Amino acid sequence: MVNISFGFILLISATSCLGALNFKTLDAEVGPVVYVNLLFRHGDRAPIKPYPNDPYKDPNYWPMGYGQLTKQGLYHHLVLGSWVGKRYAHLLPKNRNYNPKAIRVQSTDVDRTLMSAEAHLAGMFPITDEEKWGGIDWQPVPIHTIPKALDKVLAAKFPCKKYNHEKHKFEKSAEHKALMKKYRALGNYLSKHSGKAFTGLEIFENLHSTLMAEKMNNLTLPSWTKSVFPDKISVPAGFSFATPTWTTEMKRLRGGPLVKEMVGNMNMKIDGTLDPPTRNISMYSAHDTTVAAFLNTINAFNFLPPPFASLVMVELRKTAQSQYHVTVLYKNSTDPTVEPHILTVPGCSEACPLKNLEILLKPVIPDDWDKECHQQKSTDLMSNLP
């Protein structure tokens with residue numbers, strides 16, 4: 001029988017290794033950051049889709065529309081951007097002036113992630129007198145995006161036959177069936193009160209997301225939620241976030257492209273082959289699913305839903321001996337003032353030599369994603385249909 005405590009083992013691995021290094025003294029203990037990949041979830045938003053019995057499904061409760069950022073969501077990223085700008089000021093031009101040669105920003109093609117990036121960058125680059133234009137105290141910064149259906153890295157919506165095959169195989173596995181059995185009673189309770197059918201772990205993820213959005217908009221939640229939200233729902237919701245990258249092959253095809261890009265960025269920074277070579281920051285504005293997939297792919301996910309405006313920092317540091325180490329930090333709170341945790345990739349230290357990190361992550365980094373995705377034969381896919 002498959003042991004479903006696997007996730008909790010990873011939880012312990014990712015959260016119990018915080019004693020060796022101190023977040024505040026990393027520069028002295030390891031060396032300064034010379035490059036950083038930043039990945040964050042968008043800010044607070046309206047529910048994407050209300051559940052059938054939702055007392056707040058009237059669109060009048062959400063004047064900007066379902067799934068759109070709230071003012072609080074914009075503000076959280078404005079403050080977070082200021083924090084990021086101060087932390088990495090040495091990687092930016094003097095006075096944190098904007099310069100396209102220092103940073104590149106990528107977002108999914110979704111309103112809330114694009115607007116979160118804009119608010120974040122407004123906080124990161126406070127406009128100086130010489131940059132002012134038209135009497136507006138705002139410095140525009142380019143944000144790159146591609147349609148969701150073509151996005152292989154952040155939205156992960158580009159079709160992949162091999163991934164679909166691996167996902168279907170996992171859903172038929174004893175491990176997945178054990179998870180469904182473990183949470184069936186809770187799922188049935190949620191289904192009864194929400195009116196949403198319990199057909200998979202997604203019910204926990206979706207209801208947790210909706211209830212959290214309503215709570216953060218100061219709406220009174222129904223009485224039936226008191227015994228289950230957030231504590232009882234959060235753990236199975238975390239499993240739901242982890243299931244798209246559950247096996248090594250699923251990690252490789254779902255989270256692998258982003259891991260590959262981040263590792264590639266750091267190697268190109270060292271080699272001087274980045275475009276342009278002066279770029280010091282790569283920023284990615286995405287979703288809770290993106291954050292969870294990335295962290296689970298490197299085996300550092302805490303198996304809890306990533307909060308609004310949560311932030312992952314993958315820092316390349318140069319030691320006094322001119323060696324390159326990587327620290328992974330996770331700011332797993334919507335509160336922009338909360339300090340991040342230092343995460344550990346299993347098998348390495350908190351400050352992991354880049355070459356060691358590459359060896360550890362090799363199984364989840366695709367050599368040729370397109371080739372691997374579409375080498376799956378249709379007969380193989382058909383053989384796994386129920």
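Where a number appears in this text, it was derived from the coordinates with a stated rule and is not lab data. Bear in mind the structure is a predicted one, so any value in this text is a computation, not a measurement. Note that we place each Cβ from the backbone using ideal geometry, even for glycine, and neighbour counts take in every protein chain shown.
Legend: residue pairs Lys49/Lys181; Lys49/Lys331; Lys57/Lys192, Cα-Cα distance threshold 21 Å; pairs beyond threshold, Lys49/Lys181; Lys49/Lys331.
Straight-line cross-link reach from Lys162 at under 17 Å between alpha-carbon atoms covers these aspartates and glutamates, not counting any fewer than eight positions away in the same chain: Asp151, Glu171, Glu249, Asp367, Asp368, Asp370, Glu372, Asp380. For segment 87-95, backbone phi angles converted through the Karplus equation (6.51, -1.76, 1.60; θ = phi - 60°) give residue-by-residue couplings of 5, 10, 4, 6, 8, 10, x, 3, 6 Hz, Gly and Pro being listed as x. Annotation: amide H-H contacts under 5 Å for Arg45 (H modelled 1.01 Å from N, sequence separation of 5 or more, or interchain): Thr70. For segment 321-381, averaging the sequence separation of C-alpha pairs within contact (under 8 Å, six or more residues apart) and dividing by the residue count gives a relative contact order of 28 percent. The aspartates and glutamates within cross-link reach of Lys226, meaning a Cα-to-Cα straight distance under 19 Å and a gap of 8 or more places when in the same chain, are Asp54, Glu205, Glu214. So what is the 222 nm mean residue ellipticity for the chain from helices alone, if each DSSP H run of at least 4 adds -39500 (n - 2.57) and you divide by all residues, rounding to the nearest 500 deg cm²/dmol? Here the helix-only value at 222 nm equals -12000 deg cm²/dmol.
P(r) for segment 118-218, from all Cα pairs and a bin width of 10 Å, is 12, 21, 25, 21, 12, 8, 1 %, short bins first. If you take all other residues with their beta carbon under 13 Å from the beta carbon of Asn99, and give Lys and Arg +1 and Asp and Glu -1, the sum is +3. Take every Cα-Cα pair in the chain and report what % of them are more than 26 Å apart. Summing the P(r) tail past 26 Å for the chain gives 54 percent. Any of Lys24/Lys318; Lys172/Lys355; Lys152/Lys355 with alpha carbons more than 27 Å apart? Name them for me. Too far apart for the 27 Å limit: Lys172/Lys355.
Around the amide H of Leu343, modelled in the peptide plane, lie the amide H atoms of Val328, Leu329, Tyr330, all under 5 Å away and 5 or more residues distant in sequence or on another chain.
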